[in-house]
Structure formats: C-alpha cells, structure tokens
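Shown next, in structure tokens, is the structure this report addresses.
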Amino acid sequence: MIDKIKRFILSKILHKNYIRTGKCKGCGECCSHIYVKHFRHVLKDENEFKKLQYLFKFYSDLEIIDKDELGLIFKCKNLDNETKKCKIHFWRPPICRRYPQEELFLMGGTLSSDCGYKMEPITPFKDVLKKAQKK
Ligand code: SF4
Ligand code: SF4
C-alpha cells in the first residue's frame, strides 16, 4: 500500500518517471566522482565553479579532481578515505539524502556498477506497451 502511494505521488504529483529502490552499500563512489549541474549545464569551467562556491555552501566541500568530456569531476571533502563513509552523515545536505534521482540520467550520468540503488520505471514497460497498443 505504502509503495502504491509512493508511486502515485512520484508519478502524478512530482511528475517523475523513475522510482529509487534498493539501499546504499556505503561504497563512497558517488561522493568521490561527482558532476555538478547548474541550471541546464554541467560545470566545465573552474572560474564559474569558484563563483558558485560563494552561493552554495555544499560546493565549498567539493574539490576538483579531474575533468572529462562531460565536465569537471569533484570529490567531496567530507568523505572519509579510509572507511568510505560520510563524516557528516547526520547533517549531510538534502541533495545527498535524495541521491540518486532521475536527474542524474538527464545530465548524462549513471549509477556506479556497485551501487546498491536501482532506478526503476514507475510504470513497467509492459504496461506502457499495453496502453500504447490499445490506442
Ligand atoms: S556530504 Fe557526505 S554524502 Fe554528501 S557527497 Fe559529501 S561525503 Fe557524500
Ligand atoms: S554509489 Fe550507491 S552504494 Fe555507493 S555510497 Fe553512493 S549511493 Fe551508496
């Protein structure tokens, strides 16, 4: 029942297409390979990032570690390198609590292969197909 309500809220009110299932295994991968999307683009410019650090507190916790064709790659300073756990887990920002969200895919990202979460379509493909065939 709770699952049905959750799916209803996600699809009909929040207009989402995917639901998060599974749970975090604490591998720390998503905290050590981060892309930052600002409005419609993934950050590629270090100077733009420096300016944004004044606006968003969470960005001050990020350090640039690399860059690829998608954009700058960041690592969070709050990740404990030994344990792979978040050092501020209780106070972690909302964006970390909501991870992963489907926006990740819209910006070209993917879940790491070892991630304990899965993003599944709210409406199974077979139901979408059935609906399309009825039209
Ligand atoms: S604040 Fe914690 S959960 Fe969020 S990215 Fe940093 S290490 Fe990860
Ligand atoms: S990649 Fe997935 S399993 Fe690993 S810490 Fe992030 S959310 Fe948890």
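Just so it is clear, none of the values below were taken in a lab; they were calculated from the coordinates. Treat the numbers as computed from the prediction; the structure is a model and nothing was measured. In this analysis, Cβ positions are derived from the backbone assuming ideal geometry, glycine residues included, and neighbour counts consider all displayed protein chains.
Residue by residue, the range 8-21 carries 3J(HN,Hα) couplings of 5, 4, 4, 7, 8, 9, 8, 6, 8, 9, 10, 10, 8, 10 Hz when phi is fed to the Karplus relation 6.51 cos²θ - 1.76 cosθ + 1.60 (θ = phi - 60°); x denotes Gly or Pro. Taking amide H positions as modeled 1.01 Å from N, with prolines and chain starts lacking one, the residues under 5 Å from Y18 and 5 or more places away or on another chain are I122. Couplings for the range 42-50, taken from phi via the Karplus curve 6.51 cos²θ - 1.76 cosθ + 1.60 with θ = phi - 60°, read 7, 4, 10, 10, 4, 5, 4, 5, 4 Hz in order; Gly and Pro are left as x. Simple point charges give the picture: +1 on the Cβ of Lys and Arg, -1 on the Cβ of Asp and Glu, and for the chain a dipole about the Cα centre of about 1000 debye. Which entries in the list K4/K44; K12/K130; K6/K37; K4/K25 go over 29 Å, if you measure between the two C-alpha atoms of each? Cα-Cα > 29 Å for K4/K44; rest within. Would you mind checking which residues have amide H under 5 Å from I88's amide H? H placed 1.01 Å from N; only 5 or more apart, or other chain. Here nothing satisfies the definition.
May I ask for the longest run of the chain untouched by GluC sites (Glu not before Pro) that are loop-located per DSSP and have at most 10 neighbouring C-beta atoms (other than their own) within 10 Å? Write out the running numbers ahead of the final one.
On the way: sites that count: E69, E82.
Free of exposed loop sites, the longest segment is 1-68.
Evaluate the Debye formula for the range 19-134 with equal point scatterers sitting on the alpha carbons, no solvent, and hand back log10 of I(q)/I(0) at q = 0.11 Å⁻¹, in q order, two decimals. Summing over Cα pairs of the range 19-134 leads to -0.43.
For K51, the aspartates and glutamates whose Cα falls under 15 Å of its own Cα, not counting residues fewer than eight places away in the same chain, are D61, E63. Among the chymotrypsin sites (Phe, Trp or Tyr not before Pro) in the range 1-87, those located in a DSSP loop and surrounded by at most 10 other Cβ atoms within 10 Å of their own Cβ are F39. Summarising the amide proton neighbourhood of H38: residues at separation of 5 or more, or on other chains, whose placed amide H is nearer than 5 Å comprise L43. Within a straight-line Cα-Cα reach of under 15 Å, K131 cannot be paired with any aspartates and glutamates, leaving aside sequence neighbours fewer than 8 residues apart in one chain. For the chain, a Gaussian network of Cα nodes joined below 10 Å ranks K77, K57, K85 by mean-square fluctuation, and the top entry is K57.
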